[in-house]
Amino acid sequence: MTSRVAHHFENAQQQFHAATLGMWAFLITEVMFFGGLFAGYTVYRFAYPEEFILASKELHLTLGAVNTGVLLLSSYFVALAVHAAYSGRNHATAMFLAGGIVMGLAFLGIKAYEYSDKFAHHRVPGPHFWPDDGHAIDSENDHVTQDAGERHGEHPAVSPTTKERVQLFYSFYFAMTGLHAAHMVIGVVLLSVIAVAALRGSFSPEYFTPVEVGGLYWHFVDIVWVFLFPLLYLIR
Amino acid sequence: MAGHVTSPRASTVVFLLLLVLLVVTVLAAGIEHSALAILVALAIAITKAALIVVYFMNVRFSDTVTRMASVAGFVGLAILLVLLMADYLTRPTDWRDRETRGTTPQTTLETGEESSRSAWHARNSSGDRRRNLVE
């Protein structure tokens, strides 16, 4: 078997350090990429606290919390996969990566359900956002009645200004969770490629760099959600 | 041997800690004290992120330059947020009311007079802007 160390590196150790440092350099640009959205969110969170609380309470807290747990579990599987690759256990690496991928897909599935729910309730920013006969969504009660007239008396009219600021919250919600979900999709593809390589017996204690670097990316996406969850779902 | 990674035992402990912190942050959000609640939520989120970076991302086994890289992005983001909010929070507050449609120019709470910002709003209301475009 030919050496996995590229000719411009002294040894496997140096190659591994160069690869992880390079990945961290990329992750710094990712922090800045998401950072712009977090900064914009922070400004308007301070500007319109009441409307952001109103909008946040419409999000499904239980689904958000479950999704956080699902993502943490996927990160745990990926951490185990990195250790398995480091120990030279290629089959275990592939199985743990598969666990991480399944949890990642579960996250995306729950997210898709939440998105479709927001579409159904006219909470997608645009011309049909919160029509005049609409009312606030009661996220604690999952079965929101579509019949506006039935509950109209319970929900006082919401001013156009409030609706615009609620729409601003949803713009941040869809931009931030959408960008995060796009990263999840890329991560699932990345982990799948690495899992196939593991099944072919590619990794050893001397060479498991792709597993480690792929893991760094996956954990970073997890960290983004760790901040998104309290900022979007837990405002009260 | 290239590098070193976190053991399954340590990963399991960290994962359980992360789940405990998740439960704590959800429960803490139920307490209605918004100013304190957001600080608690952010402190928990930062703790969770630190656990993930140090253990799952193996930074505790990394060399010094990688450790520096692992905090550099977050330090940069902290600078962005601190300077940005230092600006916004020390401005007159009426910029918040500016862009909403269908509202009349606001008066400031302090003086009751029409502020310069509101005058800006009045000047740039849609009718005027259209006239400017025509000219």
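No value in this document is a laboratory result; all are computed from the given coordinates. Computed from a predicted model, the values in this text were never measured in an experiment. As a convention, Cβ positions derive from the backbone with ideal geometry for all residues, glycine included, and neighbour counts pool all protein chains shown.
Between the helical axis of A:90-120 and the dominant principal axis of chain A, each derived from Cα atoms, what acute angle in degrees is found, rounded to the nearest 10? Approximately 10 degrees, to the nearest 10.
Principal-axis analysis of the Cα atoms of chain A puts helix A:61-86 at an angle of about 0° to the longest axis. Summing charges over neighbours of B:Val5, with a neighbour being any other residue whose Cβ is under 15 Å away from its Cβ, gives 0 when K and R count +1 and D and E count -1. Principal axis extents of the Cα atoms in region A:19-144, from largest to smallest and rounded to whole angstrom, are 61, 34, 22. Label-to-label distance for A:Arg89 and A:Arg4 is 1.7 nm, based on points extended 7 Å past Cα in the beta-carbon direction. To the nearest ten degrees, helix A:160-199 and the longest principal axis of the Cα atoms of chain A are 20 degrees apart. Dividing the radius of gyration of the alpha carbons in chain A by their Kirkwood radius gives 1.10 for Rg/Rh. At what distance in angstrom do the alpha carbon centres of region B:21-72 and region A:186-219 lie from each other? After rounding, the separation between the Cα centres reads 25 Å.
Just the Kirkwood number for region B:1-96, please: inverse of mean 1/r across all distinct Cα pairs, in Å, one decimal. Intermediate results must be reported in sequence, preceding the final value.
Values: mean 1/r = 0.0619 Å⁻¹.
Answer for region B:1-96: a Kirkwood hydrodynamic radius of 16.1 Å.
Taking GluC sites (Glu not before Pro) as exposed when DSSP calls them loop (any state but H, G, I, E, B) and at most 10 other Cβ atoms lie within 10 Å, what is the longest stretch of chain A free of them, the sites themselves excluded?
Values: sites that count: A:Glu10, A:Glu140.
It runs A:11-139.
The label point for A:Ile186 and the one for A:Val66, both projected 7 Å from the Cα toward the Cβ, are 2.9 nm apart.
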